[in-house]
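In what follows, a structure is listed as structure tokens, so that the remarks can point back to it.
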Ligand SMILES: *Cc1c(COP(=O)(O)O)cnc(C)c1O
């Protein structure tokens, strides 16, 4: 039987297949403004669709157009994370140029995990990393890092490097210091790195949700006195909850004084350092031993790209290096890094290209301007919501996340509980509008709605629409 889709298509077939896929993607991107932001249909209605995708592949060839038709339906029942009205969690907006870069990278399929195998492509990846480490984060010459699949993997390698450097082989007594607003990936990374949950200390926060550095110092002292080995202090450069930036300079001082590894989780906030305001608010980042950033958030890349940068790459190598007899022909290549020895992955795709093409094509200024716009929009949300009497907007945003809740009638436990319930109802009513999606968190024990402005498709028109919607819904509280 003749197969219309052989493993080795001819040129005409490749072009036709490419056109089909590209056309769908362009249609999708163009339709984003009109697509529902919270496209999560009732699971009962999608059960058949979900079931259909669980079935195994057929023996015989299929048809690309029919498969794309099926895929369109799956795409229609998913959160529209790139839509301009998607302001929930941390939006991931998916630059088109990066998607094309990704297609190119997969198409040429080179091996950048060991420098000798593709030196110039490794240099390309390294150029992106050095720019992030030195120009964005302010780390010294010689610093670099690793492109990962996301922030969680970056933090994992940071914790492994810190553990290896400060504890050696004996992990049992090592302790880690975070706040309650640190991303859960930090505790997860520590656990994966062999640090027990009982060795992770939650340092209290002051009122504005920042780490109480004096309390951290006391806890470190108490742990040392008890014979434990404090080794890692983690600051947030933009918490996921509220975008709050910890007091990084004071934390850097503390880490230096106590000889702790200082890691900064800047998965959300890091790239705001491209802006003047961001650089001011994220001062102290340059004093970290290691930093997590997520290009798939704040550089607008499609999901799947995180970054770890470190002050001293030798410490990353020391913790991750490994080799085998099958690598006899591997040679070093002009001072270029072997990424396979800097993290848990051996093979990876040409990961740098999806950042390199957008950065070189649009120019850094395009990103700086877009991020400045997000900071402006968050201020705009803050000021507009602060003028609505029914709402409480406790903090001016450090970055691009605004937190608000229904104002309680007084401070009594009953009033706070009623306000929490009203906040939940308000969120549900806002999210009834398909053009927008917000999410929630808990701050100081109180239900809190959050607006995270981060998509590169999100502009003032959509923000004004959101503010009007919130004002109208808040009146019904
Ligand atoms: C998103 C996020 C993470 C986790 O990153 P992933 O890329 O989702 O693995 C860690 N820390 C913060 C502050 C985040 O916002």
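Structure notes:
- Selection count, the stretch 89-139, where residues are surrounded by fewer than 21 Cβ atoms within 10 Å (Cβ to Cβ) and touching a strand residue (DSSP E or B) at 6+ places or on another chain (Cβ under 6 Å): 2
- Members of the stretch 313-337 that are out of contact with any helix residue (DSSP H, G or I) (no Cβ under 7 Å at 6 or more places or on another chain) and assigned to a helix (DSSP H, G or I): 313, 314, 325, 326, 327
- Selected residue (only one of 142, 150 is surrounded by fewer than 23 Cβ atoms within 10 Å (Cβ to Cβ), assigned by TED's automatic domain parsing to the domain that holds residue 307 and either under 18 Å from the mean Cα position of the chain (by Cα) or closer than 12 Å to residue 294 by Cα (or both)): 150
- Count of the stretch 260-284 residues which are in a helix (DSSP H, G or I), away from the ligand (no atom under 13 Å from the Cβ) and out of contact with any helix residue (DSSP H, G or I) (no Cβ under 6 Å at 6 or more places or on another chain): 3
- Matching residues, the stretch 232-259, being more than 18 Å from residue 378 (Cα to Cα) and surrounded by fewer than 24 Cβ atoms within 10 Å (Cβ to Cβ): 247, 249, 250, 252, 253, 254, 256, 257, 258, 259
- Residue in the stretch 98-118 that is in a helix (DSSP H, G or I), within 16 Å of the ligand (Cβ to nearest atom), at pLDDT 95 or above and not assigned by TED's automatic domain parsing to the domain that holds residue 251 present: yes
- Pair list, Cβ under 9 Å, 6 or more apart: the stretch 255-268 residue at positive phi, other residue more than 8 Å from the ligand (Cβ to nearest atom): 259/166; 259/230; 259/231
- Within the stretch 146-160, being more than 8 Å from residue 305 (Cα to Cα) and more than 8 Å from the ligand (Cβ to nearest atom) holds for 146, 156, 157, 158, 159, 160.
- Residue in the stretch 341-348 that is part of a helix (DSSP H, G or I) and in contact (Cβ under 8 Å) with a residue 12 or more places away in the chain present: yes
- The residue that is nearest to the chain's Cα centre (by Cα), counting only those in the stretch 307-337 that are crowded, with 24+ Cβ neighbours inside 10 Å and within 30 Å of residue 400 (Cα to Cα), is 307.
- Looking only at the stretch 178-230, and only at residues there that are under 18 Å from residue 253 (Cα atoms) and within 16 Å of the ligand (Cβ to nearest atom), the one that is farthest from the chain's Cα centre (by Cα): 205
- For the stretch 382-417, a residue qualifies if it is closer than 30 Å to residue 273 by Cβ, loosely packed, with under 15 Cβ neighbours inside 10 Å and in contact (Cβ under 8 Å) with a residue 12 or more places away in the chain, and exactly one does: 396.
- Complete set of residues in the stretch 285-312 that are more than 10 Å from the ligand (Cβ to nearest atom) and part of a loop (DSSP other than H, G, I, E, B): 288, 289, 299, 300, 301, 302, 311, 312
The values are calculated or read from the model by the stated rules, or taken from the named source; none is laboratory data. Everything quoted here is computed from the prediction, not taken from an experiment. Because the Cβ atoms are built from the backbone with ideal geometry, glycine has one as well, and the counts that use them run over all protein chains shown.
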